[in-house]
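Notes to accompany the following structure.
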Amino acid sequence: MSHHHSESTIRSYKIFMSNGFAYHDEKEFENKFSFKVFDGKGLENFVSQVNEYKPDGLYFVGWKSQFKLSNDGFFAKLSKEAKDNLKIIANHGVGYDNVDVQAALTTKDKPIIVTHTPDVVSDATADTAMILMLNASRKTRVFEENLRQVKWKSGYETLMGHDLKGKTLGIIGMGSIGTKTAMRALSFGMRIVYHQRNQRKDVEEKLTRVGQHLSEMGGYNNQPIVEYCKNMDDLLKESDIISIHTPLTESTRHLISKKQFEMMKKSCIIINTARGAVIHEKYLVEALKSNKIAGCGLDVFEFEPTITQELLELASINPCISLLPHIGTQTEETRFDMEQLCIENLHRVLIESKDPVTPVPEHKQLFARTETQK
């Protein structure tokens, strides 16, 4: 950075933070920005502090905040002054259904840019999908609970789990997390079928190459290692395990509901590390209760932190159910990277007047430019 910037011009950009950093030094952040950390509770207080501070950027940790910047007219509640000054919302998380990204585009003459943290969360989330898959398939919960009660195996000597090898994994949403989950599943000897709006030949080729290296471990039964299902129903009928990796949008809300559960194999286990509301929880409970499917592995829930009571009751009797409290990205390394990416997006947009690194997909068109300009 050139030295003729006086300290004051650099510091003049103001960031309002819903939460402080967990892994970054706020002193260092202070060299780039002025900032204030929200010290209240609830959306109304948040709005009034934003209106008072009039920040250039918001750093929003939605999952810690217990409130959303969507569906409750957040932008409509901002004063004109605050809205005119706000240029960017850096959302800490890959899912951004907690920010109204359409309203951010249209709420004033110039769009308010919304960024999120994709890619850096992919490994941790894919690992979580595998943990759930393995726990549900091998019924580890009951064995561990029994062991902790100093009963060793008593009562469970004949309870059998299932191997992942040779099974078909259906991935709904072959983005970064879906792809990394597929990579991991291939090393367990699973076949992959996937569904999403557009076929991803590049990903198929990459996964097939990996699968071919691993195929001497057996497991693929001479079937194609990776297959695209244009129609999701085909995937539902064919998969032994289904793993969801789509964002939550109006078109994916309740994507898996009554009709979809009825198409699945009776032995199917469904895994969700994406967003709870992609599965209609009421019908998941019904499918598990009536043995339409065998089990599930969930890190996310439709009404989290509340979990449907019946689902919890089923989880205590069905050993094929594995539940986690949305810990998909809860590792030191991943949370560090998520904060880092938020800081980078704020820095690029405000201080460097450049494009953000990771705008949400709906905002990518703001930065579309021809190859030659890149």
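The table for this structure:
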quantity: Which of SER257, VAL121, THR331, positive extreme of dipole for the chain (C-beta unit charges); calculated: SER257
quantity: Cα gyration tensor shape for segment 122-323, rounded if a/c is under 1.5, else prolate or oblate; calculated: oblate
quantity: Amide hydrogen neighbours beyond the local backbone of VAL114, cut-off 5 Å, H modeled; calculated: ILE89, VAL360
quantity: Cα-centre dipole for the chain with unit charges at Cβ (Lys and Arg positive, Asp and Glu negative), debye to 20; calculated: 660 debye
quantity: Highest-fluctuation residue, GLY297, GLY42, GLY211 considered, GNM on the chain with Cα pairs under 10 Å; calculated: GLY42
quantity: Nonlocal amide H pairs with SER243, under 5 Å, H built at 1.01 Å; calculated: GLY170, ILE171, ILE172, ILE271
quantity: The chain, helix-only ellipticity at 222 nm - DSSP H runs n ≥ 4, -39,500 (n - 2.57), divided by all residues, nearest 500; calculated: -10500 deg cm²/dmol
quantity: Which of TYR228, TYR194 has the fewest Cβ neighbours within 10 Å, and the rest in rising order; calculated: TYR228, TYR194
quantity: Dipole-positive endmost among CYS320, VAL37, PHE75 within the chain (Cβ charges, Cα centre); calculated: CYS320
quantity: Model label zone, LYS41; criterion: amide N under 19 Å from point 7 Å along Cα-to-beta-carbon; scope segment 47-80; calculated: 47-50, 61-69
quantity: Alpha-carbon centroid distance for the pair segment 157-198 / segment 317-364, whole angstrom; calculated: 24 Å
quantity: Among ASN98, ASN31, ASN135, residue whose mean-square fluctuation peaks in a GNM of the chain (springs only between Cα atoms under 10 Å); calculated: ASN31
quantity: DSSP-defined antiparallel bridges as percent of all bridges, segment 122-323, nearest 5; calculated: 0 percent
quantity: Residue-by-residue Karplus 3J(HN,Hα) for segment 258-274, coefficients 6.51, -1.76, 1.60, Hz, glycine and proline x; calculated: 3, 4, 5, 4, 5, 7, 6, 5, 4, 8, 6, 10, 9, 10, 9, 10, 8
quantity: Cα gyration tensor shape for segment 57-207, rounded if a/c is under 1.5, else prolate or oblate; calculated: oblate
quantity: For peptides 252-260, 105-113, sequence by mean Cβ density within 10 Å, most packed first; calculated: 252-260, 105-113
quantity: 5 angstrom amide H check on ILE321, placed H, neighbours 5+ away; calculated: CYS296
quantity: Student exercise, segment 122-323 dipole from Lys, Arg, Asp, Glu Cβ charges, in Debye to nearest 20; calculated: 260 debye
quantity: Stretch gain in nm, segment LYS266-GLU52, where the contour uses 0.36 nm per residue and the Cα spacing is subtracted; calculated: 71.4 nm
quantity: Among ILE172, ILE89, ILE131: highest mean-square fluctuation, GNM of the chain, C-alpha pairs under 10 Å; calculated: ILE131
quantity: Extension gain (nm, one decimal) between LYS206 and ALA76, 0.36 nm per residue minus Cα-Cα; calculated: 42.2 nm
quantity: Inter-label distance, nm, simple model (7 Å from Cα along the C-beta direction), GLU304/HIS24; calculated: 2.3 nm
quantity: Relative contact order of the chain, pairs being alpha-carbon contacts under 8 Å that are 6 or more residues apart, as %; calculated: 16 percent
quantity: Computed E for LYS64/GLU313 - FRET, C-beta separation, R0 22 angstrom, nearest 0.05; calculated: 0.15
quantity: J(HN,Hα) series, segment 303-312, from Karplus relation 6.51 cos²θ - 1.76 cosθ + 1.60, nearest Hz, glycine and proline x; calculated: 10, 4, x, 7, 10, 3, 3, 4, 5, 5
quantity: Positive-end residue of GLY297, TYR228, ILE279, charge dipole of segment 122-323 with Cβ unit charges; calculated: TYR228
quantity: Potential extension, THR331-ARG148 segment - 0.36 nm per residue separation minus Cα distance; calculated: 63.4 nm
quantity: Label assignment, P(r) over Cα pairs in 20 Å bins from 0, in percent derived from the structure, set [x] 26, 51, 22, 1; [y] 29, 58, 12, 0; [z] 29, 55, 11, 5, 1; calculated: [x]
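Readers should treat all values here as calculations from the given coordinates under stated rules, not as data from a laboratory. Please read all numbers here as calculations on a predicted model, not as lab measurements. Because the Cβ atoms are built from the backbone with ideal geometry, glycine has one as well, and the counts that use them run over all protein chains shown.
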